[in-house]
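Q: Below are the C-alpha cells for one structure; questions will follow.
Quick note: the coordinates plus some simple rules give every number you see, no bench work behind them. Because the structure is predicted, anything quoted here is derived from the model rather than measured. Every residue, glycine as well, gets a Cβ built from its backbone with ideal geometry; the counts of neighbours run over all protein chains shown.
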Amino acid sequence: MKVERASIPDVLVLEPEVFGDARGFFMETWNARTFEQLGIKAQFVQDNHSRSSRNVLRGLHYQIRQPQGKLVRVTAGEVWDVAVDLRRTSPSFRRWAATRLDAVSRRMLWIPPGFAHGFVVLSEQAEVLYKSTDYYAPEHERTLLWNDPALGIPWPLAGDPVMTDKDRRGTPLASAETYA
C-alpha cells in the first residue's frame, strides 16, 4: 500500500495495490495488520454507503462525543473530500486537508477521530463508502459551516451546492465545539 500524508500529517491518502487481469481486479481495502504498520490502530464498527449527484455537498460533520475515525473511498464517480482538524491540542488545529477520491484511482482517505468531514461530488453521480470507528450518535452530531470564511475552503463547485438545511446552517468555526 502506498501512503501519502495530506497537508495535515495525521490524514493519510492511501493507494492500495490493485491486481488486475482480463477478469477484472482485486484489491484489499482493509487489513488490520497492514494498517497497524502505518500507525492506524482502528477497530471499525460501522460501514456507510452514500450515493449522490453532481454538486451535492455533504458535511462538514463530526460527533463531539463518540468521535469517528473514517476510512473513505469512492466506488463510482469522483468527489473532493475534506477533513478539518478540530483537536485543540493538535498543531494543525482549525486547518483543513482535501483530496480528490475517485473510482478509477481507488485511493482511500484515512481521517482520524477529532476531524469534521465532508465532500462535494464532482462527477454526474458518486458512491462513497466509509468505515467508521464508532457508531453514529445523532445526539452528538455537529455540523461545521461548510463555507465559513475562517476556514477558506475553496470548494470546487459548479454553481450552488445541493445540500440539506442542516448542512447549510452549520456552526461557524469560531463558535464550534471542539475536542480537548
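Q: May I ask which residue of Pro9, Gln43, His117 lies farthest towards the positive end of the charge dipole of the range 1-117, with charges of +1 (Lys, Arg) and -1 (Asp, Glu) on Cβ and the Cα centre as origin?
A: The one lying farthest along the dipole's positive direction is His117.
Q: For Ala150 and Ser123 in the same chain, what is the full-extension length gain: residue separation times 0.36 nm, less their Cα-Cα distance, in nm? Mind showing how you got there, number by number?
A: Numbers: separation 27, 0.36 × 27 = 9.72 nm, distance 2.76 nm.
Here the segment from Ala150 to Ser123 would lengthen by 7.0 nm.
Q: In addition: Where a ≥ b ≥ c are the square roots of the eigenvalues of the C-alpha gyration tensor, would you call the range 119-180 rounded, which needs a/c under 1.5, or, failing that, prolate if a/b is larger than b/c, or oblate?
A: Working: a/c = 1.96, a/b = 1.15, b/c = 1.70.
Verdict is oblate for the range 119-180.
Q: Looking at the range 46-180 only, what percent of DSSP beta bridges run antiparallel? Nearest 5 please. All intermediate terms of the calculation are to be shown ahead of the outcome.
A: Numbers: 38 of 41 bridges.
Just about 95 percent of them are antiparallel.
Q: Testing the spin-label approximation: label points 7 Å from Cα along Cα→Cβ at Arg5 and Thr164. State their distance in nm.
A: The two pseudo-label positions are separated by 3.5 nm.
Q: Please compute the contact order of the chain in relative form: average sequence separation of alpha-carbon pairs under 8 Å and at least six residues apart, divided by the residue count, as a percent. Please list the in-between numbers first.
A: Values: 417 pairs, mean separation 52.9, N = 180.
In percent, rounded to a whole number, it is 29.
Q: Determine the dipole magnitude for the chain: charges of +1 sit on the beta-carbon of Lys and Arg, -1 on that of Asp and Glu, nothing else is charged, the reference point is the Cα centre, and the result goes in debye to the nearest 20. Don't jump to the answer; show the numbers that get you there.
A: Values: 23 positive and 22 negative charges, 59 e Å.
The dipole magnitude comes to about 280 debye.
Q: Once the Cβ-Cβ distance between Glu141 and Thr75 is put in as r, and R0 is 25 Å, what FRET efficiency do you end up with, to the nearest 0.05? Walk me through the numbers on the way to the answer.
A: Working: r = 24 Å, r/R0 = 0.97.
E(calc), rounded to 0.05, equals 0.55.
Q: From the Cα gyration tensor of the chain, with a ≥ b ≥ c the square roots of its eigenvalues, which class applies: rounded if a/c is under 1.5, or else prolate if a/b is larger than b/c, or else oblate? Walk me through the numbers on the way to the answer.
A: Working: a/c = 1.77, a/b = 1.26, b/c = 1.40.
Verdict is oblate for the chain.
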